[in-house]
Amino acid sequence: MIEKIIILEGKDDMNKISRSKEQLVISCDYESHKKLKLKEIEHVPIEDYFLDNDKKLLDEKTLEFSLMWYKELDNNQELVVNKICLGKLLEMEIMDYFCKILKKVIGITNLIEKEKPKKIIGYSLYPFLSNICKEKKIELVGEYVDIESSLFYDTIELPFGISKNNRIKISRKQFLKIKNTVENITTTLSNSKLNNLQEEYGLLLDFNLVQYEQLVSELSKKHKIVMLNQRRPAIWNLQSFKSIKKSDVKILKLEQISNKKLEDKIIFEKNKIKQKIESICTKSKMNNYFMIKGNSFGSTINKNFKEIITKRFQEFVEKIYLGTELFETSKISYILEWAHNGPEEQIIIKIAQTKNIPVIFLQHAMLPLNKKWEMYHPVYPYLPTENTITAIWGKIMKNYLNINNISPEKVLEVGSPKHDIFFKEKSIKSNNYILIATNHFAHFNFAGSDTYAFERLEKFVRIIFEKIKEKTNKQIIVKLHPAKGFFDIKKLIISIDPNVILYEETDLPKLISSCDEVISLNFSTIILEAMILKKPTMTILSEKQDFENELVVKNEATLAVSELKELDVKFDKLFNNEIREKLVEKGTNFIDDYFSHQSVASQKIANELDKLFKS
């Protein structure tokens, strides 16, 4: 039995902790764990109280709550607007929310059962602790703090200033206002605003114009192309500005469809949705449904959960009505999109289907195909949904879709248009650079939020830098993943080597071509891109997601490293000429299996889409 337990999460709690021998200190996330280590305070990560069956339960219940909460609470389907279910639109993003909550509930429940404390001290976690401490008759000390009402993408990170490590965080609402202003300016300067909605056109959803410049160029040669980017601006730098001008693509904003009558309707429907959420998310319903391991956590999240879904659902209502108006006033021949399960895409797809407009879903990355990831088919862009067609990169993905009973009629094997430029790029040898590429963890399950996984990654990065400097005279270049992540690896890298060359947005084919080797800090598409350019690769697998069972690893096309103790031997292999040649050979063979229509995929898909345009 422990006399007193202090439970901490995040950096704010760290300012309140005091040292004491009779207390047990628990860290509930990597941030608090790291701070405690730096202060040399003995503590135990909450992961130590998880057995394997608890980890499995966390993953299963996270997915279940994400897919089912609105079906269970909203039996009368009140949260449906124009036949579009609002809860379904949020399935992918809300997984992270439930994963965080369930990890605390399961971990703290197991902690109390094992340690049987008389007193618990909590700060940011006070709301989670209050109910369970009351039930178990444990004294709770601390201060009540409202749980932050946010999803992962409620805050956006933007680069700011000239410092390598200078970024600002703004709210989603602020970002959308800035995006709107930027688009008004850039579309005027580039003369790319869509003014005539009555012309027939193909619609591209949320495309990165720089990555798909060749595809957009091929499409615009054949017929009119319009881009609708609801998340990131269509023009955000000089290269994308030039691409827009070169391709004569027009940019559409949903806001330009609006009118006074529609605005009044949207305001009315937003208020109606807010009232419906209040009636659906009652405390009794929440308590009865949100349970795990015999503990209800519904009342703990009730206020927070309602605020989150109210904000998002009101945003969805506006997009649904504007999207509906778009299809009433425009002549859209087809829709090409690549995220598929994003809420913005889902809204447009569902409206398009009511108009019998073809929707083509473009594969955009190397997806994990091991058994563990099959459970995520409903929320991640693996399989085409009803009445959509998927355009895939090659026979490996085609075989996977066939195994998953996807009709051949719903599959277009077109290759990867964004990689045409890679197949045309000439590889440069002996440039004395080595590229390290970062990627994010899958933060919606136990393995992707594991304190020990983040710790392994940090150790891997430190040792990799040491080994490169010890075994070679190569210059290290780091390619950062441009998307927001939970683990700020940029700070870590700069702390190891303040003079390292860092890139976020860059000409990736030329960057990879200029390097002799590529080390990926997770399972990532950049492995394939390096193989296209005949570079030997190493893949670090600190996150336990069964990536060892991926074909690219099993075919030995990349040097996969799962344990720190393997790193020294694998490094020697990476710089062994004979093994390097074999890696390049096996990588090339894998690329031939993975990519059809190499270097001409843009033309291939443009021809297929032109058939739809003319039909």
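The values are calculated or read from the model by the stated rules, or taken from the named source; none is laboratory data. What you see is a predicted model, and the numbers here were worked out from it, not measured in a lab. Note that each Cβ is placed from the backbone with ideal geometry, even for glycine, and that neighbours are counted across all protein chains shown.
From the list N208, N195, pick out the single residue that is under 26 Å from V359 (Cα atoms) and either surrounded by fewer than 17 Cβ atoms within 10 Å (Cβ to Cβ) or of a type in the set (K, R) (or both). Even if it seems obvious, please write down each step before you answer.
On the way: N208 fails: either surrounded by fewer than 17 Cβ atoms within 10 Å (Cβ to Cβ) or of a type in the set (K, R) (or both).
One residue alone meets the criteria, N195.
Cβ contacts < 6 Å: first residue under 23 Å from D54 (Cα atoms) and touching a residue at least 60 places away in the same chain (Cβ under 8 Å), restricted to the stretch 446-471; second residue basic (K, R) and surrounded by fewer than 19 Cβ atoms within 10 Å (Cβ to Cβ), any location; separation 6+ or different chain. Result?
Final answer for the pair search is F446/K55; A447/K544.
Return a yes/no flag: does the stretch 64-83 have any residue that is surrounded by fewer than 17 Cβ atoms within 10 Å (Cβ to Cβ), free of Cβ contacts under 8 Å to residues at least 24 places away in the same chain and of a type in the set (D, E).
Taking every residue of the stretch 64-83 in turn, at least one turns out to be surrounded by fewer than 17 Cβ atoms within 10 Å (Cβ to Cβ), free of Cβ contacts under 8 Å to residues at least 24 places away in the same chain and of a type in the set (D, E).
In the stretch 239-282, which residues are within 30 Å of E213 (Cβ to Cβ) and not in a helix (DSSP H, G or I)?
So in the stretch 239-282, the residues within 30 Å of E213 (Cβ to Cβ) come out as 239-257.
Those that are within 30 Å of E213 (Cβ to Cβ) and not in a helix (DSSP H, G or I): D248, V249, K250, I251, L252, K253.
Restricting attention to the stretch 348-391, report how many residues are of a type in the set (A, V, I, L, M) and in a helix (DSSP H, G or I). Steps first, answer last, please.
We begin by selecting, within the stretch 348-391, every residue of a type in the set (A, V, I, L, M); these are 348-349, 351-352, 357, 359-360, 362, 365-367, 369, 375, 379, 383, 389, 391.
Then drop every residue that is not in a helix (DSSP H, G or I), which leaves 348-349, 351-352, 375.
Looking only at that region, the number is 5.
At least 1 residues that are β-branched (V, I, T), within 20 Å of the chain's Cα centre (by Cα) and modelled with pLDDT of 95 or more in each: list the helices (runs of 4 or more DSSP H) lying fully within the stretch 11-102 that qualify. So that I can check it myself, show each step before the final result.
Values: elements: 30-38, 52-73, 86-89.
The qualifying helices (runs of 4 or more DSSP H) are 52-73.
Taking the stretch 344-356, which residues are surrounded by fewer than 21 Cβ atoms within 10 Å (Cβ to Cβ) and either small (G, A, S) or in contact with a Phe, Trp or Tyr (Cβ under 7 Å, 6 or more places away or on another chain) (or both)?
K355, the sole residue that qualifies.
Does A483 meet the test of being modelled with pLDDT under 95 and within 28 Å of Y212 (Cβ to Cβ)? Working first, answer last.
On the way: modelled with pLDDT under 95: yes; within 28 Å of Y212 (Cβ to Cβ): yes.
Yes: the conditions hold for A483.
What's the number of the only condition in (1) buried (at least 19 other Cβ atoms within 10 Å of the Cβ); (2) out of contact with any Phe, Trp or Tyr (no Cβ under 6 Å at 6 or more places or on another chain) that G394 fails to meet?
Unmet for G394, out of (1) buried (at least 19 other Cβ atoms within 10 Å of the Cβ); (2) out of contact with any Phe, Trp or Tyr (no Cβ under 6 Å at 6 or more places or on another chain): (2).
Of the conditions (1) in the same structural domain as I494 (by TED's automatic domain parsing); (2) more than 25 Å from the chain's Cα centre (by Cα), N439 clears all except one; give me its number.
(2)
Taking the options L73, L51, L38, name whichever one is touching a Phe, Trp or Tyr at 6+ places or on another chain (Cβ under 9 Å) and among the aliphatic types (A, V, I, L, M). Before the answer, list the steps.
On the way: L51 fails: touching a Phe, Trp or Tyr at 6+ places or on another chain (Cβ under 9 Å); L38 fails: touching a Phe, Trp or Tyr at 6+ places or on another chain (Cβ under 9 Å).
Testing whether each residue is touching a Phe, Trp or Tyr at 6+ places or on another chain (Cβ under 9 Å) and among the aliphatic types (A, V, I, L, M) leaves just L73.
From the list K250, K274, K222, K261, exactly one residue is surrounded by fewer than 20 Cβ atoms within 10 Å (Cβ to Cβ), more than 23 Å from L86 (Cβ to Cβ) and not polar (S, T, N, Q). Which is it?
Details: K250 fails: surrounded by fewer than 20 Cβ atoms within 10 Å (Cβ to Cβ); K274 fails: more than 23 Å from L86 (Cβ to Cβ); K261 fails: more than 23 Å from L86 (Cβ to Cβ).
From the options K250, K274, K222, K261, the qualifying one is K222.
Determine which member of the set L492, L502 is out of contact with any Pro (no Cβ under 8 Å at 6 or more places or on another chain), closer than 24 Å to A442 by Cα and part of a strand (DSSP E or B).
Details: L492 fails: part of a strand (DSSP E or B).
None of the others qualify; the one that does is L502.
Taking the stretch 277-295 as the region of interest, how many residues are over 21 Å from E307 (Cβ atoms) and either of a type in the set (D, E, K, R) or in contact (Cβ under 8 Å) with a residue 12 or more places away in the chain (or both)? Walk me through how you get there before you give the answer.
Taking the stretch 277-295 first, the residues over 21 Å from E307 (Cβ atoms) are 291-295.
Among the residues that remain, those that are also either of a type in the set (D, E, K, R) or in contact (Cβ under 8 Å) with a residue 12 or more places away in the chain (or both) are: 292-293, 295.
Qualifying residue count, the stretch 277-295: 3.
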